[in-house]
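Each value in this text was obtained by applying a stated rule to the coordinates, not by laboratory testing. For clarity, every value in this text was computed on a predicted model and none was experimentally measured. Virtual Cβ from ideal backbone geometry, glycine too; neighbours counted across all protein chains shown.
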Amino acid sequence: MTDATVPRLIAQILELPTLDYVVRLALASPFLMSGVVKLFDFTGAMNEVAGLGLKPAGTFAAAVIVTQLGGSLLFLTSRYCWLGAGILAGFTVLATLLAHPFWTFDGPDRGRQTATFFEHLAIVGGLAMAALFVNGRSAPQ
């Protein structure tokens, strides 16, 4: 790094060869954990998607598992990071619209749903940034 405003220790950390993978693993972790939990508790996964009004529940639950695990694995590769990021971002946008429609809530529930909605939006942004960096685009100067 050539930016003189970045402290040396931080610059050294940012130059670690595996940092990009560790950061992508952190971003993928909610999807990996959710997919694994759903895989081992398929009945719970079906109940979750049925609670969102999605039918047939078994088909949607299976699609969610494949999307979360497959998208995560692609995201963790350098070659297909962009594809995994797109899959996970698209899934997150759809799931967030279905599960956290903050505009339908009132009172304290509206605040919680709004926060969760925008936290998920931040994850979408993080996925996009990771894909940009893995594919050779650097941070703006």
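Helix-only arithmetic for the chain: the sum of -39500 (n - 2.57) across DSSP H runs with n ≥ 4, divided by the residue total, places the mean residue ellipticity at 222 nm at -25500 deg cm²/dmol.
Between L132 and K55, the distance separating the two model label sites (each 7 Å from Cα on the Cα→Cβ line) works out to 4.3 nm. Looking at region 8-134, the pairs of alpha carbons with a distance over 18 Å make up 58% of the total.
Helix 42-51 axis versus longest C-alpha principal axis of the chain: approximately 80°, rounded to the nearest ten.
Taking the average, over residues, of other Cβ atoms within 10 Å as the packing measure, peptides 47-53, 30-36, 100-106, 80-86 rank 80-86, 30-36, 47-53, 100-106 from highest down.
Largest GNM mean-square fluctuation among L127, L73, L97, using the chain with Cα springs under 10 Å: L97.
Helix 81-99 and the longest principal axis of the Cα set of the chain meet at an angle near 40°.
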